[in-house]
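A short reminder: the numbers here are calculations on the coordinates, not readings from a lab. Everything numeric here is computed off the predicted structure, so don't read it as measured data. So basically every Cβ, Gly included, is an ideal-geometry build from the backbone, and we count neighbours across all protein chains shown.
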C-alpha cells in the first residue's frame, strides 16, 4: 500500500503543489517533473481546467464539487489525471462542517466513478499519529460511496501505477 504523507508542514503560500520524491519524502519544488508524482494542492476553477488539459499533474488533491465538474471529470479521465481524496481533511471537523465536507467528497467520488477517473485514497498525514491502516482507508472509501473493490484499488492499484510510471521514466533517463 502506498500513502500520500505530507511531511512539509506550513507550505509557503506561493507553492501551489508538492511532489513526492523517492528519497526525501515530499519536498516542495518550483516545477512539476515527470520523474516525480506531482500533486496539485492549491487551485481555482480556471487553473484546474488548464492543468487538466495539459496533464501537467498526476493527482488533484481534495477538489470540491463546485470546482471539479462533470466536464473536468471527463477531461481528467481522458488525460489520466487522478483525484486524491485525503482523510486528514475530516480529522478536525465536527457537526455540520463534517457532514458538508463528507458530502463534497462523496460528490467528487461519485463523479470519479461515473467517468472512470482514477481515485487515490490517502491519509494526508502530517504527524505519525495521523497515519491509518489500509482497512481504515477502505472504510473511508466505502463511506464516500465506493464499493470494496474500488476502495481497494484506490489504495493499491492506482498509487502503484503512478509509482511505476515514475520508475519507468527514471529508468529511461538513465
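In terms of surrounding Cβ atoms within a 10 Å radius of their Cβ, 46, 72, 153 rank from fewest to most as 46, 153, 72. Measuring between their Cα centroids, segment 136-174 and segment 60-77 lie 18 Å from each other.
Here each label is just a point 7 Å from Cα along the line to Cβ, and for residue 74 and residue 169 those points are 2.8 nm apart.
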